[in-house]
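Colleague: A single structure is presented below for examination.
The values are calculated or read from the model by the stated rules, or taken from the named source; none is laboratory data. All of these numbers come straight from a predicted model, not from anything done at the bench. Every residue, glycine as well, gets a Cβ built from its backbone with ideal geometry; the counts of neighbours run over all protein chains shown.
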Amino acid sequence: MANIGYKLNTESILGKVNKFLGSSAGKGKINESVKLIMSGSLPHSGKGSVHTPEEAAEKLCSCLRNAANSSGLSAGQAEAVSGWEYGSPVDLGNGTWAITVSPGGATERESLVPEKYGGVDIYSLLDKGVDHTMKQVWGEWHGNYTGSRTVIPGSHFIDQGIRDFEGNYGTEYGVISIVRS
């Protein structure tokens with residue numbers, strides 16, 4: 001029996017692959033595959049794990065809840081700011097996605113705030129705190145006549161949650177940046 005030999009010109013093959021990947025058809029195929037992988041419709045067998053934008057958003061929500069719980073807020077305050085939720089991912093092209101994470105549930109608290117001023121955003125209040133010189137607002141709260149606090153230290157749990165996510169999970173989830181508005 002005779003051996004049949006052949007030579008494989010890997011440079012030629014790689015050149016053709018790179019030419020295809022650089023073409024509009026190749027780029028379209030890559031973008032289509034990325035969309036399927038990111039939506040969870042196409043299993044990924046490459047090295048490392050691939051997470052969907054929703055998984056990244058859920059992990060960020062978890063980091064924000066954990067930061068609130070460990071920030072020195074009371075149990076009731078931490079519970080009041082634990083309702084993080086996220087929207088649908090938006091395809092920005094080139095394998096990049098954007099997803100909005102925002103406070104969920106009722107964020108307004110009207111305690112001690114006259115109706116004409118509206119409510120107070122509890123997430124912002126507990127995160128940033130308050131230090132102002134305006135007069136105390138007096139009113140009834142839980143059946144007691146009491147005055148508002150004029151200084152409330154911020155716990156900065158939102159920035160801490162973002163730092164925790166970026167430092168521990170950003171690379172794993174492929175997050176490029178988190179923009180706080």
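Colleague: Can you name the residue in the stretch 75-87 that is surrounded by fewer than 15 Cβ atoms within 10 Å (Cβ to Cβ) and more than 15 Å from Cys61 (Cβ to Cβ) and is also modelled with the lowest pLDDT among such residues?
Modeller: So the residue we want is Gly76.
Colleague: Does Lys135 fit the bill of being at pLDDT 70 or above and of a type in the set (D, E, K, R)?
Modeller: Taking the combined requirement at face value, the residue satisfies it.
Colleague: Pull up the stretch 58-74, narrow it to residues that are loosely packed, with under 15 Cβ neighbours inside 10 Å and under 17 Å from Ile152 (Cα atoms), then point me to the one that is modelled with the highest pLDDT.
Modeller: Gly72
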